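Single-structure report; data block below.
We did not get these values from a lab; they are worked out from the coordinates using the rules stated. Everything quoted here is computed from the prediction, not taken from an experiment. Using ideal geometry, Cβ is built from the backbone for each residue, glycine included, and neighbour counts are taken over all protein chains shown.
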Amino acid sequence: MVAYTQYRSDPRCRREAEALAQRGDEVDFICLGSAGEPKLELIEGVTVRRLAMKRYRGDSAASYALSYATFFLKASLAILRLSLRDRFHVIHVHSMPELMVFIALLPRLLGAKVVLDLHELSPELYADRFGLSSRHPVLQLLIFVERICVRWVHRVICVHEPQAKHIMSRCSPRERPSVVMNVPDPRLFHQSSDAPSGTCDNGTFKMVHHGTIVERYGGDIAVRALASLDGKIPGLEFVIYGDGDFARNLSEEISRLNLGERVSLSGRTLPLEAVAPAIKDAQLGIVPHRDGPIMKWALPTKLMEYVALGIPVVVARTWVVTRYFDDSMVMFFEPGNASDLARCILKLYREPELRRSLAQNAKKFLEEHSWEKEREKLFSVIDGLET
């Protein structure tokens, strides 16, 4: 497997790689390096090979392109060395960007099959991030590249059914994309007791939000909602775990609103094993992403992790989320509307029975889309390449 990511904190990459390793497959994972981590490490049966470079954080499209190109070259050389020693049967490339699939050019010539795992829709993501119109030549180029990559690989994996239908319509791949949903690994995310319903032992009402901190994920919307609840919820606190391009802006917003005593910003991305212990005692999970070209397609992993832990969720009402969750399972608010988010938080604070009901009903999603079921779909894709 190959991905422009940091292995320890990437839930989808880890879940898939470790599932394959656990059933007996030999899995090498080539990824970004990180301070204090070894270049070579065995994690849950997966041989993690870290390259000597870090993830780029910033707003420069040129710098992103340079970082991706550097990773492409280093990963290509790493795969070349490994292929000369021991041929791969499958090269599984996680986007973004889709062009990373051509890292597998030599192994494919030697007989390896290539899988493209589409985490997000790159054209929509860049349109959202850099304000590109639907007719912008750069956006059209990205769609063209996506189509070439999707058609070049042997199989495509998508994160949910709407994305798979969209890729099928826009790119016409060899076969219909398979869907392996981003549901949490029950080894790490499981409810050990009843869903949190009252205040914590120390008299606080704790809300949490975790993951990469970028503007489209709406952390600032949640902070403004909290500011408007001043004095209405005794012991209210909001803990944000993560880091990213928007972390400094978010920190400045917390300071501007004088929320330093009630909002905690960790400033670091948690390893996957540390997420559940950090958030499991929360009364609410907040998923405040903005709507837009890319977020309409989002089914946030954090949403499903809160559900697995029995934490009731307040989430922005965006298109794909409403395809899988309804009003009996989560509390929806209008995307981008801090006042509406504050209203939902206050309502759930005042109605513990509603919190319990939402948390319980949301479990229906994981009953239908458990990792055990999704894992079998992954195995089916990989095993089908051998026939």
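Points worth noting:
- Choice from Leu265, Leu358, Leu82 with maximal GNM fluctuation in the chain (Cα, 10 Å cutoff): Leu82
- Separation in nanometres of the label points that stand 7 Å from Cα toward Cβ, at Val145 and Leu42: 3.8 nm
- Summed side-chain charge close to Phe325 - residues other than Phe325 whose Cβ falls under 15 Å, Lys, Arg +1, Asp, Glu -1: 0
- GluC sites (Glu not before Pro) restricted to region 302-387 and DSSP loop, no more than 12 other C-beta within 10 Å: Glu386
- Against the chain, whose longest principal axis is taken from its Cα atoms, helix 11-22 shows a tilt of about 50°.
- For the chain, modelled as a GNM whose springs connect Cα atoms under 10 angstrom apart, the maximal fluctuation among Arg216, Arg129, Arg323 occurs at Arg323.
- Fully extending the segment from Glu26 to Thr322 would add 102.8 nm, taking 0.36 nm per residue of separation and subtracting the current Cα-Cα distance.
- Förster radius 35 Å - calculated FRET efficiency between Ala278 and Leu82, Cβ distance, rounded to 0.05: 0.50
- Max mean-square fluctuation residue, GNM over the chain, Cα-Cα springs under 10 Å, options Ala62, Ala282, Ala104: Ala62
- With the convex hull of the Cα atoms taken as the outline of region 205-368, the averaged projected area works out to 8.7 nm².
- Reachable lysines, given that their alpha-carbon falls under 18 Å from the alpha-carbon of Lys165 and they are not under 8 places away in the same chain: Lys296, Lys377
- C-alpha long axis of helix 161-171 to longest principal axis of the chain, angle in °: 40 degrees
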